[in-house]
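Below: one structure, written as structure tokens.
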Amino acid sequence: MKIIQLTLLVSVLVLSGAVHQSVKGQDAPQGPSSFHPTFNPFFWLQIESQLDLGDEDEQSLMLQKARFGANGKVAEDLSYHFMFDGAISGADERETKLLQTFLRYSVSDGTSLKLGQFKYPFGIGTYPAFSKWDFNHPAFINGGIARDLVRRDAGTGPGFFRDFGLEVASSRQLGSGYRLGYKVMAMNGNGILKDDDNNSLDFVGRASLSSPKQGGFGTWTVGTSFYSGSLHLEGDPSIDTDDEAHDEDAWGIDFRWDLHEDHLRVATVQAEMITATTEAGSHDIITDGPVSPSGYYVQGSYFTSPDVFWAVRYEEFDHDDDTDGLDSRDRTTLGAGYYPYGQKKLHRININYERHDDLDHGTDDQISVAVTLIF
């Protein structure tokens, strides 16, 4: 077991012990008890039907996501979250997978510690939560960068944007009303508890600045992210580098603007650019690099009524900027969404038409319909 995993396990036990002492009254403050346990379960189901326009016989109906878990509090400043994924994607069955589980301790009103397995704070492509995505899938660059770096895995494809680690997050409102925030995470460095046999940690973080919420011109957030780590898989036959570790890094900038009216979203514009470098070779086989994957996307959505929106996204991604573009992706997605019970209920129907201009990949345009139910 890596030292970081042992450290995190000990930390969890210490926190749990402190809560237990509070329950017994040994460390409880005077007055009302600080022990307020809660348990709020949730269930999210997404069913997707996909039609490949290049072949009328290529149609599919799949259970794209089936996620369940719970949120709750152990004490006033100590909360928890866990989430499982039991989806069947395409023809390959996947075992029920623990996507997230963590403890969150509020140090103060603006600062918190998060310990466990969760989304690592790089960019905004997978944010807000999946239940609020305007499209059926995130932009291709998010999964592409994750796969090209240490979260590559031939069995499950692109990474899940989650890892095992410790995060410090802080947010402070300035006197002018602007809000400055940051998140820094030390993580295992090879995806969801996958084998990573080097002894060094990976580090990832994001800093952001947000405009005041007052005013009729909407609110905006700008951010920048970094990732620094290494990849080393002992005994992997595809590595021909005498068991050397491969340095990897990534950098990104992002922007999001939202317009609300009567606490309902009216319009959104979002953009992100990511560039990376890895010494571990291409995304298909781990060899000597370096390789420089990079890309960007721009997307926007607009509500023509409180419950109906239209969306468009353009994205480009290249697995290696040093080649002649034969491994690039160039896609345009048109989308529409409907909230049958209003935005706040989150039940949603999405229709996406994805136009592929990929080079040398033989991919075809696709139409996908997704129904999202949240209980």
Within the range 165-192, residues of a type outside the set (S, T, N, Q), more than 12 Å from SER208 (Cβ to Cβ) and at pLDDT 85 or above come out as GLY165, LEU166, GLU167, VAL168, LEU174, GLY177, VAL184, MET185, ALA186, MET187
Counting only residues in the range 144-164 that are within 16 Å of the chain's Cα centre (by Cα) and hydrophobic (A, V, I, L, M, F, W, C), the one modelled with the lowest pLDDT is identified as VAL150
Considering THR241, THR219, which residue is surrounded by 14 or more Cβ atoms within 10 Å (Cβ to Cβ), modelled with pLDDT of 60 or more and more than 22 Å from ALA186 (Cβ to Cβ)? THR219
Could you please give the count of residues in the range 93-124 that are under 15 Å from LYS183 (Cβ atoms) and among the polar types (S, T, N, Q)? 3
Residue check, ALA70 among the small types (Gly, Ala, Ser), at pLDDT 85 or above and under 13 Å from the mean Cα position of the chain (by Cα): no
With GLU56, GLU95 as the choices, which residue is loosely packed, with under 12 Cβ neighbours inside 10 Å and modelled with pLDDT under 65? GLU56
For the range 95-110, enumerate the residues that are farther than 15 Å from MET185 by Cβ and basic (Lys, Arg). LYS97
If I filter the range 96-136 down to residues being of a type in the set (Val, Ile, Thr) and part of a loop (DSSP other than H, G, I, E, B), which single residue comes out as farthest from ALA276 (Cα to Cα)? VAL107
Have a look at SER34, SER79 and point out the one that is surrounded by 12 or more Cβ atoms within 10 Å (Cβ to Cβ), at pLDDT 90 or above and either within 20 Å of the chain's Cα centre (by Cα) or among the polar types (S, T, N, Q) (or both). SER79
Name the residue, out of ARG355, ARG329, that is assigned to a strand (DSSP E or B) and at pLDDT below 85. ARG329
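The values are calculated or read from the model by the stated rules, or taken from the named source; none is laboratory data. Bear in mind that the values here come from a model prediction, so they are computed numbers and not experimental data. FYI the Cβ positions are ideal-geometry reconstructions off the backbone, even for glycines, and counts take in every protein chain you see.
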